[in-house]
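Worksheet: the structure to be examined is printed underneath.
The values are calculated or read from the model by the stated rules, or taken from the named source; none is laboratory data. Computed from a predicted model, the values in this text were never measured in an experiment. Note that we place each Cβ from the backbone using ideal geometry, even for glycine, and neighbour counts take in every protein chain shown. Note: areas computed on protein heavy atoms with side chains; ligands, DNA, RNA excluded. Shrake-Rupley method; radii C 1.70, N 1.55, O 1.52, S 1.80 Å.
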Amino acid sequence: MTRRGLLAAASALPLCTPALLRAQSAPPQVMGADDETVQEFSRRNASSFRTMEWRDHFDSLGKGAIVCDTTSKALHYWNADGSIYRLYPTSVPRTDELTKRGYSEIVRKKVGPTWTPTASQMERFPDWEPIGAGDPANPLGTHAMYLDWPAYLIHGTHDTRKIGRRSSDGCIGLYNEKIAELYELTEIGTQVRLV
């Protein structure tokens, strides 16, 4: 087989997966991710990566709305007038015990957040220390949006392997470039639902 034939066969292989085909066919501006991000997410999360209606979760858009779907590992965002919709791949809590579900809202936003282990994390990992902003080991990445539930955030991550997986201690994680985009779109007071 020639090199050209091998490359053509390899590039056609991902198209055999129906979930990947659905993800690739969705417009990138709706997905909120570039083609490479969508393909990587689809490889990790073949269950679903499709649009959702805000009306299924909220009575009105208010200042905006976010739905974090822990099953499909996706975050859905709508702005206040519904003219902007974004869909982002996420990391979600590792276990159901770490997953808080229900309604919340964005109460604070921070560029360059610092990370401090929670009390339960310190019980499990007593040698953990706080990590400053900009440190590649910081699990909060470049941006964080705090919910009105203590210690629950929507934040970035430097460890891109976590996206599309159950990998957090309770938070919702996004690629750093995607949390930066969402951060700019989201107002304080935006309603949030974790399902």
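Table for the structure above
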read-out	value
Rg/Rg_globular for region 150-195, with Rg_globular taken as 2.2 N^0.38 Å and Rg from C-alpha atoms	1.17
Listed pairs LYS109/LYS178; LYS63/LYS109; LYS73/LYS109 exceeding 18 Å between Cα atoms	LYS73/LYS109
Carbon/sulfur fraction of accessible area - region 46-186, other protein chains in place, 1.4 Å, %	50 percent
Among 148-161, 117-130, 166-179, the order from most to least packed when residues are scored by Cβ within 10 Å on average	166-179, 148-161, 117-130
Accessible area in square angstrom per residue, region 83-195, 1.4 angstrom probe	48 Å²
Label point at SER120 placed 7 Å out along Cα→Cβ; residues across region 152-181 whose backbone nitrogen lies under 11 Å	152, 169-171
Virtual spin-label span in nm between GLU187 and ARG55, 7 Å along Cα→Cβ	2.2 nm
³J(HN,Hα) computed for each position of region 60-73 - Karplus, 6.51 cos²θ - 1.76 cosθ + 1.60, integer Hz, glycine/proline x	8, 7, x, 7, x, 8, 10, 10, 9, 9, 6, 6, 8, 6
